[in-house]
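Below is one structure, written out as structure tokens; comments come after it.
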Amino acid sequence: MALEVRHTADGAAGTADEQDCELRIPQHTCVAVVSDDTAADRFLTGLLNENRPGLSVSVYGVDARDEPEAVEQLVGLAPSTAPRPDLPVHDAFVESGTQKGLPPERAEQRTSELADALDLHAVRDTPCAGLSPGLLSRVSLGCALLNAPPLLLLLRPLDDVDVASEKIICRVLDHYTASTGAVVFTTRSTEVAHRVTDRLLHVGGETQRREGDTGC
């Protein structure tokens, strides 16, 4: 499983027989987490960052509590990986790549590849602070993809973006899920969620309602 969240009796990792599955995301799938407030964002960002008793979270079998640094290398986060506003787009990509441990030459290569995929060459030298919401969402996604992680956790990448950006982002995510890994993204729009994927997780307050096959 790309991402698995389980309830445990004491918060320890335990074994599968001792756990109740809360969420299971297979590889090569795209899942939308939907809420009309910030609940979905809090749910997604808290998966890896909160040490919550009674929950065990693993990414490709690696326990997020026991091996946080290893899990960090497996996950691309956006907009947590969003670039500094003062940096031009090209420099933001290269910096993101080197921060993820890529050699400078490889970071430059990945920057060129992702600029092609996300149609960003025209804004190569534009500071990120001057980008439209759609362009900034594309740049944030690119930064998350620099080291080709097998899991993407994305906060509202398709909300309030222009039609052209939505098409480009969806194309990149389709290619990524087919070739590389799994995507979980949040949105406030059920319409957007249904347009992109048939796997939905509704989050509201302390309750969750699943649609599709995101459960065990």
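Assorted remarks:
- Protection proxy ranking, peptides 185-198, 141-154, 64-77, 122-135, average beta carbon neighbours within 10 Å, highest first: 141-154, 185-198, 64-77, 122-135
- Potential lengthening between residue 67 and residue 171 on full extension [0.36 nm per residue; Cα-Cα distance subtracted]: 34.2 nm
- Dipole moment magnitude, nearest 20 debye, the chain about Cα centre, only Lys, Arg, Asp, Glu C-beta charged: 320 debye
- Take every pair of alpha-carbon atoms less than 8 Å apart whose residues are at least six positions apart; their mean separation over the length of the chain yields a relative contact order of 31 percent.
- Farthest toward the positive end of the dipole of the chain, out of 58, 87, 68, is the Cα of 87, where the dipole comes from beta carbon charges about the Cα centre.
- Rolling a 1.4 Å probe over the protein heavy atoms gives the chain an accessible area of 48 Å² per residue.
- Across the range 53-108, Cα pairs under 8 Å and at least six residues apart give a relative contact order of 18 percent.
The values are calculated or read from the model by the stated rules, or taken from the named source; none is laboratory data. Nothing here was measured: the structure is a model prediction, and the numbers come from that model. A quick note on method: Cβ atoms are made from the backbone with ideal geometry, for glycine too, and the neighbour counts reach across all protein chains shown. Heavy atoms of the whole protein, side chains included, go into the accessibility calculation; ligands, DNA and RNA do not. Shrake-Rupley method; radii C 1.70, N 1.55, O 1.52, S 1.80 Å.
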